[in-house]
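Presented below is the structure to which this report refers.
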């Protein structure tokens, strides 16, 4: 009965046990260790089994069954020698199996990274890219939106932060055709354009996992090129946040469209900044303190008391600065007629990094 059970466990696995009975008999008869060639043959069979997708657990069982079925009966073969030979053979087999698996994982990681690079930069044939995307659950004929999160550190595939965000997304939404990855040290989430809740939840989780990082969210766009466009919008939102010193945890490209419009004609914006704010250079200490005054004033809705608090100034000192700006530029920040031009110029100065950099 036991012999029949062992034979049944061998069915279908004979190809991966080729030569095993002979190795077992010869090695156990003399008590020697397996030769280099014998170990190499076991590793090669292990690799073949892994490439074929056969489970290692079943293969271990097949080896045990083969050991029982081909237990050496020659004189001088002790149980220890037989088991030692079997253990060496199985260890080499498992080594080859694991090596093939690691190679497959590296190949898969390389293919995934290549796909992500092509997807976010649009560097591949769009038809082929769409076919490859289906493997990762993306249908590029539909609209997709991209969110990008940055933190204080650079993140890579396999980092704890990425795994935390991924677990949270899967736990909340399951499989919703969402691609979560990293690019240039940032977390990236690609989701269907009609599932705003996914990106909003990603932003919440990424903010927590990155210890207070920022997330930029691009607008939904259709097609493979749409993913690239949404990704660039998300990056631009983060760039604008840095240049304008915005501290919002989530920045939506749709809410920031005015800024690209303002800088589309860089020369015109530079002329406005020079004309409206250039005279501030004549102030003691240069233009920067008065530019900071205008920035705080406009950011808090033109409330002098709040702006003074943000700059750690008295209201009287702050009011004096506004009067100085009026005298130097000829424009009164409190006058609605002058306010729009001054505020636009202040935004332009922040976008162009003036006065730190020359226009």
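Here is how the numbers come out for the structure above:
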{"item": "Filtered residue count, the range 281-306, keeping only those that are in a helix (DSSP H, G or I) and farther than 18 Å from residue 340 by Cβ", "result": "9"}
{"item": "From the options 39, 34, 119, residue that is surrounded by 15 or more Cβ atoms within 10 Å (Cβ to Cβ) and more than 29 Å from residue 21 (Cβ to Cβ)", "result": "119"}
{"item": "Members of the range 326-359 that are at pLDDT below 85 and either in a helix (DSSP H, G or I) or closer than 15 Å to residue 240 by Cα (or both)", "result": "336, 337"}
{"item": "Residue in the range 248-269 that is nearest to residue 209 (Cα to Cα), counting only those that are part of a loop (DSSP other than H, G, I, E, B) and over 22 Å from the mean Cα position of the chain (by Cα)", "result": "257"}
{"item": "Residues satisfying the stated conditions in the range 42-68, i.e. more than 36 Å from the chain's Cα centre (by Cα) and surrounded by 19 or more Cβ atoms within 10 Å (Cβ to Cβ)", "result": "42, 45, 59, 62, 63, 65, 66, 67"}
{"item": "Selected residue (criterion: nearest to the chain's Cα centre (by Cα)) from residues of the range 16-32 that are modelled with pLDDT of 90 or more and outside any helix (DSSP H, G or I)", "result": "18"}
{"item": "Filter result (at pLDDT 80 or above and surrounded by 15 or more Cβ atoms within 10 Å (Cβ to Cβ)) within the range 250-270", "result": "250, 251, 252, 253, 256, 259, 269, 270"}
{"item": "Any hit, the range 139-155, residues being buried (at least 17 other Cβ atoms within 10 Å of the Cβ), farther than 29 Å from residue 257 by Cα and modelled with pLDDT of 85 or more", "result": "no"}
{"item": "Within the range 152-192, tally of residues that are touching a helix residue (DSSP H, G or I) at 6+ places or on another chain (Cβ under 7 Å) and more than 21 Å from residue 137 (Cα to Cα)", "result": "2"}
{"item": "Subset of the range 112-161 (residues that are over 14 Å from residue 224 (Cα atoms), assigned by TED's automatic domain parsing to the domain that holds residue 191, touching a residue at least 40 places away in the same chain (Cβ under 8 Å) and not in a loop (DSSP other than H, G, I, E, B))", "result": "147, 148, 149, 150, 161"}
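The values are calculated or read from the model by the stated rules, or taken from the named source; none is laboratory data. None of the values given here were measured: they were computed from a predicted structure. Positions of Cβ are backbone-derived with ideal geometry, glycine not excepted, and every protein chain shown enters the neighbour counts.
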